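Chemist: Got a structure here, written out as C-alpha cells. Questions coming.
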There are 2 protein chains.
Amino acid sequence: MPYYIGDVITDYNKLVIRTPEAFGKTGIKVLMKTRVVDIDAAKGEVVLADGSRLPYDILTLATGARAVRLDIPGASLEGVFVLRDLTDALRIKAHLNAKDCRRAVIIGGGYIGMEMSEALRNLNMEAMVLDILPRPVVRWDEEFVAPILEELEKNGVRFQGETTPLAIEKGDGKLLLKTDRGDLPADVILMAVGVVKNTDLAKAAGVALGDSGAVKVDARQRTSREGIYAVGDCCEVFHRVAKHWVYMPLGDVANKQGRVAGQNIGGAETEFPGVVGAQSFKVFGLEVGAVGLNEKEAAQYGFTPVSAFIQGLPVGRPMAKGEKLLVKLTADKATGRLLGAQCLGGKGAVQRIFALSVALWNGMTVDEVGYLDLPYAPPFGGAWDAIHVAAQELARSL
Amino acid sequence: MPYYIGDVITDYNKLVIRTPEAFGKTGIKVLMKTRVVDIDAAKGEVVLADGSRLPYDILTLATGARAVRLDIPGASLEGVFVLRDLTDALRIKAHLNAKDCRRAVIIGGGYIGMEMSEALRNLNMEAMVLDILPRPVVRWDEEFVAPILEELEKNGVRFQGETTPLAIEKGDGKLLLKTDRGDLPADVILMAVGVVKNTDLAKAAGVALGDSGAVKVDARQRTSREGIYAVGDCCEVFHRVAKHWVYMPLGDVANKQGRVAGQNIGGAETEFPGVVGAQSFKVFGLEVGAVGLNEKEAAQYGFTPVSAFIQGLPVGRPMAKGEKLLVKLTADKATGRLLGAQCLGGKGAVQRIFALSVALWNGMTVDEVGYLDLPYAPPFGGAWDAIHVAAQELARSL
C-alpha cells in the first residue's frame, strides 16, 4: 500500500491547503501532521514521532528545503516571515489583512525579494529591499543591474545594498529592524535569503550526499541505497552545460524529478535528462531571464568564457517605440559552444531565454545560434533577432 | 568594382526609399532605375535595357518574387493594390490619405491578409477578407480556425470563404468587386494571394532551377553556374525537418542567405545551415505561430505523422484569468522525432514557437521535448509548460 506522509497537502493550482481526501480514490494512504524522525534503512522502516514504525519496500525522499530565517535577535517575532510554501503565503496574507500594514522591509534581493516587492507595492504598501551585497539578483551580471534598480525606483521600491541586519525589535505595535546602516521601522519583515536543504532524514538513512550537500541521485532519481529514491529540493540535478551534478532547487525541476521517480518505481526505466539552469522572474514591467552559466560559473567549471552584450529590440525596428531588450551571451572559447545567456526587457526577454534554453540543451555552437530559424514577424522581433545579433557579435570574439 | 543594380533602395528600418548616396562610402557603384534584361553567362556580362553590357566576375541574383495580381478584368484599376514591398505600402498609404476610403476588401486570407485587416481596421475602415478556400491561414490546422475567426469578428472584420473574385468595376468613385457570391463595393481592394518567384534572369543565365521552380543553390548560395550566386525569394532553401530543398520566401531567411553569399564571395566558406519553417503573425490580440511540418506536409515527405492538440495556459494556473494557449505538436511515429508545431494564444504562443524552432533545428524527440528545461516562472507559464504537456500527450501516441 502506498503511503504519503507529510505536514500538509498544498494545492498550488487552487492556492488552498487540501485535506487527505484529496487523495480520495487513489488508494494512497495519507498520514498528515505526521513526522518521520528516523529511517531504519537496514530494516526498511521509517520511524514516526510517536515511536511507531512503518515498513517500506520503496521509499521516496521528497523532504525539500526550508527557507533560511536569519539567526538574529527578534527573528521569530510576530510580523517577521519567510516565504517558502503556501502555508507561509497564507500566514503573510492573514497578517497583512489583520494589521494595518503600511511598511514592508524585505531582507534579500534575490528574485523572491524582487517578486515580493512588487506584490507588496500592489497592496499599496511601502516596500524596501535590503541586501548584504551591493546589488540585487547576483545571478545576473552587472549590465542588468541598472535597469532593474531603475524599475524598482520607478515603482517606489527602495533598494539598499551593503546592509547587514543585526536585530529586530518590537515597539508600540511596530517592528524595528536594526542594521549596520541604521534602524528601519516596519509593519512586516520578510526574510528572503535562500534555502537550506532538508537532508537529515537522508543522512539518517545512510544515503550519500553529493558535493553540493544535497542528496546524490542518478538519472533515475535513485539514491546510493537500494529502494530509496530522492526528488525535488533535497537532491541534486545534472547540469547539462556544466556537466556536473548541482543543487538547483526550482519548482519545475522538482516536478520533473517526481515524474521520473514515479515512472521508475512503476517499472518504466525513464531517465531524467538534466537541466540547463533556465530561470526567469518578473518585476513590475520587466522580464528577466537567464540560462546556463555566467562567466564566473563557467570559469569554475573549467571553461574559457567569452561574452558579448547587446542592446537589441523585442520588435522589428520600424515598430520600435523605445523598447529595449538586453542580451548577454557567454561561450567557451575552446569549443565555440554557447555556455549561457541572460536577457532583460519590457517584453520578449523570456521568449529569447525559451529559445536559448533549447540551444544550450543541445550544445549548440555560437555560430549556429547566429543562423537559427526563428518565427520572425515584426511584432515579435527583427528579421535578425536579438539572439542572432548577440551570437554574431560573440562569434567575432571566438 | 562592386555594382548594385536595382529599381529602388528601400530602407525598411526607416520606412523610406533611399537615394544611391545611401551606399556612400562603401565604394559600391549603384545603378538605380536600371533594368537588367539578359545575362550572358558565357561572356560573364549582364545586358541592360539600353543595350549596354556590364562585365562581372561574380554575380548575385537577388531578383526576389513579385506579388500575384489576379488575372481578372479591372485588376489594374486605381485603388486596387498588391502589397509586396515598401513602394507598394507607400502607394496604398497615399491612396488612403488622398481618397476618403471607408471600405476595404482584402482578397486572400493568408497572414498578409490577416495583418492588413488589422492595419485597415486601425484606420477605422471597414475591412472584409475573402478567400477562395473555406477558411483563412491554411498553414494552420483546423483546430486554430475558430479562434482566428472569432478574433476577426470581435474586431469587426468579416471573413467570407469559398468566394471567387470575377472582376472589378469602377462606378461613381467607388470600386465594385464582382464575385461568384455577389458584388462587394469597396474604396480600396488589396490582393494578398501569394507571390511568383522572379526567375527569368536566372533562366537567361542558364542557371538550374529546383523542383519548386525557384533557383537551385547549395549551402553556400552558389547556383549551378560558377560565379553566380542566388539569395532571397528567387531561390530555394534547405528545410532541415523535411530534408528537402523547398521554396520559402520569408524576409528573415533572405537576410541570412544574403549574409552567407556575401561571406563566401568575400572568401569565408560559410554554409547556410537551413531552415525549419518558423513563422508567425499577429492579428489583433492573437499571436499565431508555426514551425516545421503539419501532418499533410509530413506525409508528403514520407513521414508517418501523429499529432496531439492541447489547450494549455501561457501563465501558471493560479495566475490564469481565462487565457488560452493552443498547442499542436506533430511527430514521426517511426523515429519519435518532433516534426512540427503550431501555437495560438493571446500571449505566449510565439514564445513557445521560439523554443520549438530550436528543438526542431536539433532534431529532438518528443520524449526529450517533454523534459526540456525552460525558464519557469508563473507570469510566463506553468511548472509544466504547455510545451511539456503537449509533448507528453503526444508521447502517449508514439
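The values are calculated or read from the model by the stated rules, or taken from the named source; none is laboratory data. Fair warning: this is a prediction, and the values are worked out from it, not measured in the lab. Note: ideal-geometry Cβ built from the backbone for every residue, glycine included; neighbour counts use all protein chains shown. Areas reflect the complete protein model, heavy atoms only, side chains present, ligands, DNA and RNA absent. Shrake-Rupley method; radii C 1.70, N 1.55, O 1.52, S 1.80 Å.
Chemist: Restricting to the stretch A:198-231, give me the number of residues that are under 27 Å from A:L338 (Cα atoms) and in a helix (DSSP H, G or I).
Modeler: So the count comes out to 0.
Chemist: Here's another thing I want to ask about it. From the set of residues in the stretch B:3-16 that are among the β-branched types (V, I, T) and either within 14 Å of another protein chain (Cβ to nearest Cβ) or open to solvent by 90 Å² or more (accessible area, probe 1.4 Å) (or both), which is farthest from B:I92 (Cα to Cα)? Before the answer, list the steps.
Modeler: Going through the stretch B:3-16, the residues among the β-branched types (V, I, T) turn out to be B:5, B:8-10, B:16.
Add one more test, that the residue is either within 14 Å of another protein chain (Cβ to nearest Cβ) or open to solvent by 90 Å² or more (accessible area, probe 1.4 Å) (or both), and what stays is B:10, B:16.
On the way: B:T10: 16, B:V16: 14 Å.
Restricting to residues being among the β-branched types (V, I, T) and either within 14 Å of another protein chain (Cβ to nearest Cβ) or open to solvent by 90 Å² or more (accessible area, probe 1.4 Å) (or both), the top hit is B:T10.
Chemist: What residue, among those in the stretch B:143-197 that are β-branched (V, I, T) and in a strand (DSSP E or B), is nearest to the chain's Cα centre (by Cα)?
Modeler: Taking the stretch B:143-197 first, the residues β-branched (V, I, T) are B:145, B:148, B:157, B:163-164, B:168, B:179, B:188-189, B:193, B:195-196.
When the remaining residues are screened for being in a strand (DSSP E or B), the result is B:157, B:168, B:179, B:188-189, B:195-196.
On the way: B:V157: 22, B:I168: 27, B:T179: 27, B:V188: 23, B:I189: 21, B:V195: 10, B:V196: 13 Å.
So, considering only residues that are β-branched (V, I, T) and in a strand (DSSP E or B), the one nearest to the chain's Cα centre (by Cα) is B:V195.
Chemist: Would you tally the residues in the stretch A:34-73 being among the polar types (S, T, N, Q) and closer than 30 Å to A:I106 by Cβ? First the steps, then the outcome.
Modeler: Within the stretch A:34-73, the subset among the polar types (S, T, N, Q) is A:34, A:52, A:60, A:63.
Then drop every residue that is not closer than 30 Å to A:I106 by Cβ, which leaves A:63.
Residues that pass the stated criteria total 1.
Chemist: Continuing with the same structure: Please work out if A:V193 is within 30 Å of A:S307 (Cα to Cα), open to solvent by 40 Å² or more (accessible area, probe 1.4 Å) and not acidic (D, E). Please lay out each step first, then the result.
Modeler: On the way: within 30 Å of A:S307 (Cα to Cα): yes; open to solvent by 40 Å² or more (accessible area, probe 1.4 Å): yes; not acidic (D, E): yes.
Yes, satisfied.
Chemist: I've got another one for you. What are the residues in the stretch B:213-235 that are under 21 Å from the mean Cα position of the chain (by Cα) and either of a type in the set (K, R) or surrounded by 22 or more Cβ atoms within 10 Å (Cβ to Cβ) (or both), if any?
Modeler: Residues satisfying the conditions are B:A214, B:V215, B:K216, B:V217, B:Q221, B:A230, B:V231, B:G232, B:D233, B:C234, B:C235.
Chemist: I would also like to ask the following. When you look at A:K328, is it crowded, with 18+ Cβ neighbours inside 10 Å and among the charged types (D, E, K, R), yes or no? Show your work before the answer.
Modeler: Numbers: crowded, with 18+ Cβ neighbours inside 10 Å: yes; among the charged types (D, E, K, R): yes.
The answer is yes for A:K328.
Chemist: Just the residues that are among the hydrophobic types (A, V, I, L, M, F, W, C) and open to solvent by 80 Å² or more (accessible area, probe 1.4 Å), please, taken from the stretch A:139-182.
Modeler: First pass over the stretch A:139-182, keeping only residues among the hydrophobic types (A, V, I, L, M, F, W, C): A:140, A:144-146, A:148-149, A:152, A:157, A:159, A:166-168, A:175-177.
The answer is A:L166, and nothing else.
Chemist: Could I ask something else about it? Just one of the numbered conditions (1) surrounded by fewer than 16 Cβ atoms within 10 Å (Cβ to Cβ); (2) in a strand (DSSP E or B); (3) of a type outside the set (S, T, Y) is not true of A:M128; which one?
Modeler: (1)
Chemist: Of all residues in the stretch A:287-300 being in a strand (DSSP E or B) and more than 7 Å from every other protein chain (Cβ to nearest Cβ), which is nearest to A:V358 (Cα to Cα)? Walk me through it before giving the result.
Modeler: Taking the stretch A:287-300 and keeping what is in a strand (DSSP E or B), we get A:287-292.
Checking which are more than 7 Å from every other protein chain (Cβ to nearest Cβ) leaves us with A:287-288, A:290, A:292.
Values: A:E287: 19, A:V288: 17, A:A290: 12, A:G292: 11 Å.
Within the stretch A:287-300, the match that is nearest to A:V358 (Cα to Cα) is A:G292.
Chemist: Would you point out the residue of the stretch B:47-87, among those that are modelled with pLDDT under 95 and within 21 Å of the chain's Cα centre (by Cα), that is most open to solvent (accessible area, probe 1.4 Å)?
Modeler: Applying the filter and picking the extreme gives B:R84.
Chemist: Output the residue which, of all residues in the stretch A:256-286 that are in a loop (DSSP other than H, G, I, E, B), open to solvent by 20 Å² or more (accessible area, probe 1.4 Å) and not hydrophobic (A, V, I, L, M, F, W, C), is nearest to the other protein chains (Cβ to nearest Cβ).
Modeler: The initial filter retains those residues of the stretch A:256-286 that are in a loop (DSSP other than H, G, I, E, B), namely A:266-274, A:276-278, A:284-285.
Still in the list and also open to solvent by 20 Å² or more (accessible area, probe 1.4 Å): A:266-271, A:273, A:284-285.
This time we only want the ones that are not hydrophobic (A, V, I, L, M, F, W, C), so: A:266-267, A:269-271, A:273, A:285.
Working: A:G266: 15, A:G267: 16, A:E269: 12, A:T270: 9, A:E271: 9, A:P273: 5, A:G285: 11 Å.
It comes out as A:P273.
Chemist: Continuing with this model, one more query. Would you check if B:E297 is more than 26 Å from B:L398 (Cα to Cα), open to solvent by less than 60 Å² (accessible area, probe 1.4 Å) and touching a residue at least 12 places away in the same chain (Cβ under 8 Å)? Spell out the reasoning first.
Modeler: Details: more than 26 Å from B:L398 (Cα to Cα): no; open to solvent by less than 60 Å² (accessible area, probe 1.4 Å): yes; touching a residue at least 12 places away in the same chain (Cβ under 8 Å): yes.
Against the criterion (more than 26 Å from B:L398 (Cα to Cα), open to solvent by less than 60 Å² (accessible area, probe 1.4 Å) and touching a residue at least 12 places away in the same chain (Cβ under 8 Å)), B:E297 does not qualify.
Chemist: Scan the stretch A:25-46 for residues that are farther than 29 Å from A:L250 by Cβ, small (G, A, S) and open to solvent by less than 60 Å² (accessible area, probe 1.4 Å) and jot them down.
Modeler: Matches in the stretch A:25-46: A:G27, A:G44.
Chemist: Would you mention how many residues in the stretch B:1-46 are modelled with pLDDT of 90 or more and acidic (D, E)?
Modeler: Going through the stretch B:1-46 one residue at a time, the tally reaches 3.
Chemist: Return only the number of the condition from (1) touching a Leu at 6+ places or on another chain (Cβ under 7 Å); (2) among the basic types (K, R); (3) within 16 Å of A:D373 (Cβ to Cβ) that B:K243 does not satisfy.
Modeler: (1)
Chemist: What number of residues within the stretch A:250-309 satisfy the criterion of being more than 17 Å from A:D141 (Cβ to Cβ) and aromatic (F, W, Y)?
Modeler: So the answer is 2.
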